[in-house]
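Read through the structure below, which is laid out as structure tokens, and then see the notes.
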Amino acid sequence: MSFEDMDVDTIWMDGEFVDWEDAQIHVLTHGLHYGSGIFEGVRCYDTEEGPAIFRWEEHLDRFYESAKPYDMEIDYSREELTEATETLIREQDLESCYIRPIAFYGYDSLGVSPGDCPTRVAIACWPWGTYLGEDALENGVEVMVSSWRKHASSQIPTNAKTTGLYVNSMLAGEEARRNGFTEAIVLNKEGQVAEGPGENLFLVRDGELYTPGLAESILDGITRRSVIEVARDLGYTVHDDATISRGELNTADELFFTGTAAEVTPIRQVDNVEIGSGTRGPVTEEIQSAFFDVVERRTDEYEDWFSYV
């Protein structure tokens, strides 16, 4: 859905609420030229108790931590960012939405060093449905292993959610879509499974779950963490520090993606190889169902994961 089709009109930018159309930056902004920014993606769910932001505190933790490798000072407190976000949700009458906080080096000079470039901070919220499509949640997606590799943490920090690094994700995802697939899987520099362009990956084998560990050049996904906890509470053994070879993808009983946008999305096919029975598997279905019970607040469990607006 295009922003033109959305009923949103306000963005919080550098401490002020501005009209959507006026939230602009200079063409010589450092972050535009060098990708020197960090961001978060957060979902707010419609519940009986009103809009509820999912794991907001954890997303804020990662937002501030992502800024550290780049010596980026965010001059706004957690309380200020929280108040701004809640105001955007309330005043735009958003019952559920996607929240995008971003910080980046702004306009001053254009050497590779940001020098005296100011750190700009903004937050936007807008309605956003299922990332990979409603059908994908039930029937799964077809993916390909991309020819593009995920960068290593010795090259660029993989534990920071950095704007410029998503060129890697864009290349992998667009390659997959050009070849008729919905999404990609990227391997790390060693050729082991890392993640999707915007998702973490889980493999099911003999009733146990495996997900690549943080040393495999993955982002420390907050939905990944949540699914690990939910799955363990359901009684599953979860290996959260796994190394998964490319070949193991083809012989998995089940595969699924997790992520703020993707939520819990089954994978039914990899590189024209059918996974399991070629549909959403029983383990994936149970975990997916439990996850949506949590985020849509059909259960009182995990109450501390939510910030109500």
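The values are calculated or read from the model by the stated rules, or taken from the named source; none is laboratory data. Keep in mind it's a predicted model, so treat the numbers as computed, not measured. Quick reminder, even Gly has a Cβ in these numbers, built from the backbone with ideal geometry, and neighbours come from all protein chains shown.
Apart from one condition, E183 fits all of (1) closer than 23 Å to N250 by Cβ; (2) touching a residue at least 40 places away in the same chain (Cβ under 8 Å); (3) surrounded by fewer than 21 Cβ atoms within 10 Å (Cβ to Cβ); the exception is (3).
Filter the strands (runs of 3 or more DSSP E) completely within region 248-309 down to those with at least 3 residues that are modelled with pLDDT of 95 or more and surrounded by 22 or more Cβ atoms within 10 Å (Cβ to Cβ).
By residue number, 254-259, 263-270.
Of the residues making up region 229-247, those that are under 22 Å from N159 (Cα atoms) and not in a helix (DSSP H, G or I) are V238, H239, D240, D241, A242, T243, I244, S245. Only a single item in (1) over 22 Å from Y166 (Cα atoms); (2) of a type outside the set (F, W, Y); (3) touching a Gly at 6+ places or on another chain (Cβ under 6 Å) is not met by R120, and it is number (1). Considering the conditions (1) charged (D, E, K, R); (2) modelled with pLDDT of 95 or more; (3) surrounded by fewer than 16 Cβ atoms within 10 Å (Cβ to Cβ); (4) under 18 Å from the mean Cα position of the chain (by Cα), R100 is excluded by exactly one of them, (3). Only residues in region 238-263 that are within 15 Å of R225 (Cβ to Cβ) count as the first member; pair them with residues that are in a strand (DSSP E or B) and among the acidic types (D, E), Cβ under 6 angstrom, at least 6 apart or cross-chain, and list the lot. As it stands, the answer is none, since no pair meets every condition given. Would it be correct to say that R100 is among the basic types (K, R) and more than 18 Å from R225 (Cβ to Cβ)? Yes; evaluated as a whole, the condition is true for this residue. If we scan region 3-15, do we find a residue that is surrounded by 15 or more Cβ atoms within 10 Å (Cβ to Cβ) and closer than 22 Å to T158 by Cβ? Taking every residue of region 3-15 in turn, none turns out to be surrounded by 15 or more Cβ atoms within 10 Å (Cβ to Cβ) and closer than 22 Å to T158 by Cβ. Any residue in region 288-305 that is acidic (D, E) sitting within a Cβ distance under 7 Å of a residue that is assigned to a loop (DSSP other than H, G, I, E, B)? List the pairs, counting only those 6 or more apart or interchain. The qualifying pairs are D293/T299.
For E79, are the conditions met, namely being assigned by TED's automatic domain parsing to the domain that holds I287 and of a type outside the set (K, R)? No, not satisfied. From the set of residues in region 110-125 that are touching a helix residue (DSSP H, G or I) at 6+ places or on another chain (Cβ under 7 Å), surrounded by 13 or more Cβ atoms within 10 Å (Cβ to Cβ) and of a type in the set (A, V, I, L, M, F, W, C), which is nearest to I267 (Cα to Cα)? Across region 110-125, the extreme among qualifying residues is C125. The set of residues in region 1-54 being small (G, A, S) and either in a strand (DSSP E or B) or out of contact with any strand residue (DSSP E or B) (no Cβ under 9 Å at 6 or more places or on another chain) (or both) consists of S2, G37, G50, A52.
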